[in-house]
Amino acid sequence: MENASINPVINPTHCMTKKNRNLVQRGFTLLELTIVLILIAVLAYLSMPKIRAYMIEGRVESHAKALAEAVMRIRANTEGAGPTPYSSVTTATLANTLRDRSTAMTVTGAGAAAAVSHSLGATGSLVTVATAQITTGGDSFTVTFPTVHNGACPSFSTQIQNTAEIISINGTVVKSIPAGTAYNGQAAQDACTGGDTNAFVFTFR
């Protein structure tokens with residue numbers, strides 16, 4: 001009986017030339033790798049503003065809590081000082097009230113030279129405090145947060161609304177007890193602008 005011829009099963013990859021196998025095994029070319037890296041860089045760049053906005057928003061609660069507690073202490077410390085208890089309130093007053101009590105805001109300096117910076121926007125943004133007038137000069141005081149990122153809008157003002165008499169954002173009044181204007185969160189949102197461009201002014205008494 002004649003031997004039957006055997007046709008072996010041939011793996012297609014065995015048919016590849018050495019050159020083709022090298023092309024399959026070598027992975028990304030330099031050009032392809034460069035394109036991938038560029039795409040990753042572009043996506044990272046585009047997502048950075050959103051990531052920063054989320055980070056800023058996450059700091060709002062601690063800043064609002066620290067400010068509200070400091071205002072309560074200042075009110076307690078000036079109780080019984082007559083109709084103009086805040087005539088001598090300064091930035092140093094807030095700074096020394098926050099010192100060793102808050103990690104949200106940074107206090108530098110000492111005594112009358114003490115200063116406060118916030119982390120809700122541009123690096124090194126200094127909070128300022130000044131005596132103010134609702135009815136009589138010195139019957140209230142303002143706390144100004146400059147260069148605040150829009151990621152804090154409108155949640156920062158929303159969390160302070162129960163403590164402040166007057167709130168303005170970029171010059172727009174969004175709450176005023178003396179004027180009978182109730183807090184309006186949508187007005188607060190509309191008053192904000194993009195980036196580290198917002199100034200929040202809170203008036204307390």
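The values are calculated or read from the model by the stated rules, or taken from the named source; none is laboratory data. Please read these numbers as outputs of a predicted model, since none were measured by experiment. Cβ atoms come from the backbone with ideal geometry, glycine included; neighbour counts cover every protein chain shown.
Return a yes/no flag: does the stretch 76-85 have any residue that is buried (at least 18 other Cβ atoms within 10 Å of the Cβ), hydrophobic (A, V, I, L, M, F, W, C) and either touching a Leu at 6+ places or on another chain (Cβ under 6 Å) or at pLDDT 90 or above (or both).
no
Determine if the stretch 55-66 includes at least one residue that is in contact with a strand residue (DSSP E or B) (Cβ under 7 Å, 6 or more places away or on another chain) and either of a type in the set (Ser, Thr, Tyr) or at pLDDT 80 or above (or both).
yes
Of the residues Ile160, Ile166, which single one is among the hydrophobic types (A, V, I, L, M, F, W, C) and more than 20 Å from Met55 (Cα to Cα)? Even if it seems obvious, please write down each step before you answer.
Numbers: Ile160 fails: more than 20 Å from Met55 (Cα to Cα).
Result: Ile166 is the single residue among Ile160, Ile166 that is among the hydrophobic types (A, V, I, L, M, F, W, C) and more than 20 Å from Met55 (Cα to Cα).
Any residue in the stretch 137-144 that is over 23 Å from the mean Cα position of the chain (by Cα), of a type in the set (Phe, Trp, Tyr) and under 23 Å from Glu61 (Cα atoms)? First the steps, then the outcome.
Step one: list which residues in the stretch 137-144 are over 23 Å from the mean Cα position of the chain (by Cα), which gives 137-141.
From the residues that got through so far, the ones that are of a type in the set (Phe, Trp, Tyr) too are 141.
Retained after the next criterion (residues that are under 23 Å from Glu61 (Cα atoms)): 141.
Within the stretch 137-144, one or more residues are over 23 Å from the mean Cα position of the chain (by Cα), of a type in the set (Phe, Trp, Tyr) and under 23 Å from Glu61 (Cα atoms).
Could you say which residue among Ile160, Ile134, Ile167 is among the β-branched types (Val, Ile, Thr), within 23 Å of Met72 (Cβ to Cβ) and more than 20 Å from the chain's Cα centre (by Cα)? Give the derivation first.
On the way: Ile160 fails: more than 20 Å from the chain's Cα centre (by Cα); Ile167 fails: more than 20 Å from the chain's Cα centre (by Cα).
Step by step, each of Ile160, Ile134, Ile167 is checked, and only Ile134 is among the β-branched types (Val, Ile, Thr), within 23 Å of Met72 (Cβ to Cβ) and more than 20 Å from the chain's Cα centre (by Cα).
Consider only pairs whose beta carbons are under 7 Å apart and that are at least six residues apart or on different chains; among these, list those whose first residue lies in the stretch 131-157 and is free of Cβ contacts under 8 Å to residues at least 12 places away in the same chain and whose second residue is buried (at least 20 other Cβ atoms within 10 Å of the Cβ) and in a strand (DSSP E or B).
Close Cβ pairs (under 7 Å, with a partner that is buried (at least 20 other Cβ atoms within 10 Å of the Cβ) and in a strand (DSSP E or B)) amount to Gln133/Ser140.
Filter the stretch 59-89 down to the residues that are out of contact with any helix residue (DSSP H, G or I) (no Cβ under 9 Å at 6 or more places or on another chain) and either in a loop (DSSP other than H, G, I, E, B) or farther than 14 Å from Ala164 by Cβ (or both) and list them by number. Don't jump to the end; show me each part of the working.
Kept after step one, since they are out of contact with any helix residue (DSSP H, G or I) (no Cβ under 9 Å at 6 or more places or on another chain), are these residues of the stretch 59-89: 62, 72, 75-76, 78-84, 87-88.
Residues satisfying the conditions are Ser62, Ala76, Thr78, Glu79, Gly80, Ala81, Gly82, Pro83, Thr84, Ser87, Ser88.
Would you be able to say whether some residue in the stretch 53-62 is without any contact (Cβ under 8 Å) to a residue 60 or more places away in the chain and farther than 16 Å from Phe145 by Cβ? Step through it out loud before you land on a result.
Within the stretch 53-62, the subset without any contact (Cβ under 8 Å) to a residue 60 or more places away in the chain is 58, 62.
Applying the additional criterion that residues be farther than 16 Å from Phe145 by Cβ yields 58.
The answer is yes; a qualifying residue exists.
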